[in-house]
Amino acid sequence: MLTHLQTKRLKIRPINLNDALFIQKLVNSEGWLKYIGGRDINNKKEAENYIQLILNNPNFSYNIFELKESNKPIGIVTFLKREEHDFPDIGFAILPKFERQGYTFEAGRAYITNLQKFSTTETIIAITLPNNVKSINLLKKLNFNFSHTYKFANEDVSIFSLNIK
C-alpha cells in the first residue's frame, strides 16, 4: 500500500528483512513490552522470521520511519486489517531515545494523510491500553476519538476511531 513518504525530518518506507536488528531492539524496548507485549525475539534470525511473517500477510503493513539525515530507523507505523475488527487499525512504536520529540506524530500525520488519498476505507481505528497515556495523547492529537472499551485476552483495551473520508 505505502511506497515511500517524506516529512520534514523523516522518511517512511515499508519494512524489509534488513530491518531485523532494529526490530529486535524495538520489540524488546520497555514501551513495547509494557503496552504491546513480548514477541520472544532475541536475535537477528528471529527478527528476520518475524519480519517475513509480516511480509507474507497481505493484511499487514509495517512501515519504518527513519531520520531523513542519517537513515537511522527510529520507529514504525503499522496498518493492520484484523478479522475481529470492522475497520483497519493503525499503530505506532518508537525507540525510547526518540520519544517526546514529535517524530511519532509527524510519521502518523503523514501516514494518515496518505491513507486519506489512497485508501478505500472510510474509518480507521487505533487500539491501546487504557493506561497508555502517551498513546492516547498522540491519538487525540491526530484527531482520533474514543469509541469504546472491550475485553481482549482478559484485559481491557480502548478503541479510538478516525473518519478519513
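Assorted remarks:
- Any hit, the stretch 114-122, residues being β-branched (Val, Ile, Thr) and crowded, with 17+ Cβ neighbours inside 10 Å: no
- Number of the condition not met by Ser70 [criteria: (1) closer than 28 Å to Lys25 by Cβ; (2) touching a residue at least 24 places away in the same chain (Cβ under 8 Å); (3) small (Gly, Ala, Ser)]: (2)
- Screening Leu17, Leu33, Leu80 for residues that are farther than 18 Å from Ile127 by Cα and aliphatic (A, V, I, L, M) leaves exactly one candidate, Leu17.
- Residue within the stretch 41-48 that is among the hydrophobic types (A, V, I, L, M, F, W, C) and either farther than 18 Å from His4 by Cα or modelled with pLDDT under 95 (or both) present: yes
- Pairs with Cβ under 7 Å, 6+ apart, first in the stretch 9-24 and of a type in the set (D, E, K, R), second at pLDDT below 95: Lys11/His4; Arg13/His4
To keep it simple, each residue is scored yes or no on (1) closer than 22 Å to Ala110 by Cα; (2) without any contact (Cβ under 8 Å) to a residue 24 or more places away in the chain; (3) exposed (fewer than 14 other Cβ atoms within 10 Å of the Cβ); (4) small (Gly, Ala, Ser).
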| site | (1), (2), (3), (4) |
| --- | --- |
| Ser29 | no, no, no, yes |
| Tyr35 | no, no, no, no |
| Gly38 | no, yes, yes, yes |
| Asn43 | no, yes, yes, no |
| Glu46 | no, yes, no, no |
| Leu53 | no, yes, yes, no |
| Asn57 | no, yes, yes, no |
| Ser61 | yes, no, no, yes |
| Phe65 | yes, no, no, no |
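- Looking only at residues of the stretch 76-105 that are over 16 Å from Leu139 (Cα atoms) and touching a Leu at 6+ places or on another chain (Cβ under 9 Å), we find that the one that is surrounded by the fewest Cβ atoms within 10 Å (Cβ to Cβ) is Phe98.
- Search result, residues across the stretch 80-120 that are of a type outside the set (A, V, I, L, M, F, W, C) and closer than 22 Å to Gln24 by Cβ: Gly91, Pro96, Lys97, Glu99, Tyr103, Thr104
The values are calculated or read from the model by the stated rules, or taken from the named source; none is laboratory data. Quantities reported herein were computed from a predicted structural model and do not represent experimental measurements. FYI the Cβ positions are ideal-geometry reconstructions off the backbone, even for glycines, and counts take in every protein chain you see.
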